[in-house]
Amino acid sequence: ANPTIAIVGRPNVGKSTIFNRIAGDRISIVEDTPGVTRDRIYAVGEWLGREFSIIDTGGLDVSSEPFMDNIKQQAEVAIEEADVIVLVTSVKEGVTDADEMVARMLYRSNKPVILIVNKVDNPELRSEIYNFYSLGLGDPYPVSGSHGTGLGDVLDEAVKHF
Ligand code: GDP
Ligand code: MG
């Protein structure tokens, strides 16, 4: 089986945008039994000649569930299935309570975690990423999903853990 990267994070940080950038047109939607397991979106990606599977754990929202429960389930799926977990946050809101909660879950899992600070659309925003060291997940990687910048460094780091 391919090594697996899972993308987690609260709604609207840009998970799907980043997933689409990485996966291109190789996306398939997999629906689990309703009410049993979250729906997910899977794709195959490739970087430096290495193939991997990628999961957008927030792929299909379960709006009937409370916000925090949704994110917790995403993190559980990621911890169970992924070799590398990418936690997406956003420079627009800074570090939120939900980010801290997910970061604690991921930290305890002992899986490799790469911390993305998304929406760093211009160089002036880069200085803001240092606030994200407080999540305790190491170096924050500045990304703009909209512009497609910063993802090369993220994938370089991810393949080290395959
Ligand atoms: P998700 O809920 O985490 O999957 O987030 P989405 O990928 O659906 O993005 C949520 C919103 O943020 C959308 O309006 C995106 O266009 C926007 N967005 C995503 N990435 C960026 C980015 O790098 N910069 C800016 N400014 N907006 C972004
Ligand atoms: Mg999404």
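Within straight-line reach of residue 92, meaning a Cα separation under 18 Å, sit the following lysines at least 8 residues removed in sequence or on another chain: 15, 119. Taking a straight line from the alpha carbon of residue 160, these lysines sit under 18 Å away, with near neighbours fewer than eight places off in the same chain left out: 111.
Applied to the stretch 65-75, the Karplus parametrisation 6.51 cos²θ - 1.76 cosθ + 1.60 on θ = phi - 60° returns per-residue 3J(HN,Hα) values of 8, x, 3, 5, 5, 4, 5, 4, 5, 4, 5 Hz, with x for Gly and Pro. Arranged from fewest to most other beta-carbon atoms within 10 Å of their beta carbon, 92, 119 become 92, 119. Residue-wise HN-Hα couplings along the stretch 11-22, as the Karplus relation 6.51 cos²θ - 1.76 cosθ + 1.60 with θ = phi - 60° gives them from phi, are x, 6, 7, x, 4, 5, 4, 5, 4, 5, 4, 6 Hz; Gly and Pro carry x. The dipole here belongs to the stretch 4-159: it is taken about the Cα centre, uses +1 on the Cβ of Lys and Arg and -1 on the Cβ of Asp and Glu, and is about 120 debye. Listing 97, 121 from fewest to most neighbouring C-beta atoms within 10 Å gives 97, 121.
The HN-Hα couplings worked out from phi for the stretch 2-8 by the Karplus form 6.51 cos²θ - 1.76 cosθ + 1.60 (θ = phi - 60°) are 5, x, 10, 10, 10, 9, 10 Hz, whole numbers, x standing for Gly and Pro. Each of 23, 120, 101 was scored by the projection of its Cα onto the charge dipole of the chain, and the greatest displacement toward the positive side belongs to 120; charges sit on the C-beta of Lys, Arg, Asp and Glu.
Selection among 13, 54, 134 by position relative to the dipole of the chain gives 134 as farthest towards the positive end (Cβ unit charges, Cα centre).
Where a number appears in this text, it was derived from the coordinates with a stated rule and is not lab data. A quick note: this is a predicted structure, and the numbers were derived from the prediction, not measured. Don't worry about glycine lacking a Cβ; one is built from the backbone with ideal geometry, like all the others, and counts go over all protein chains shown.
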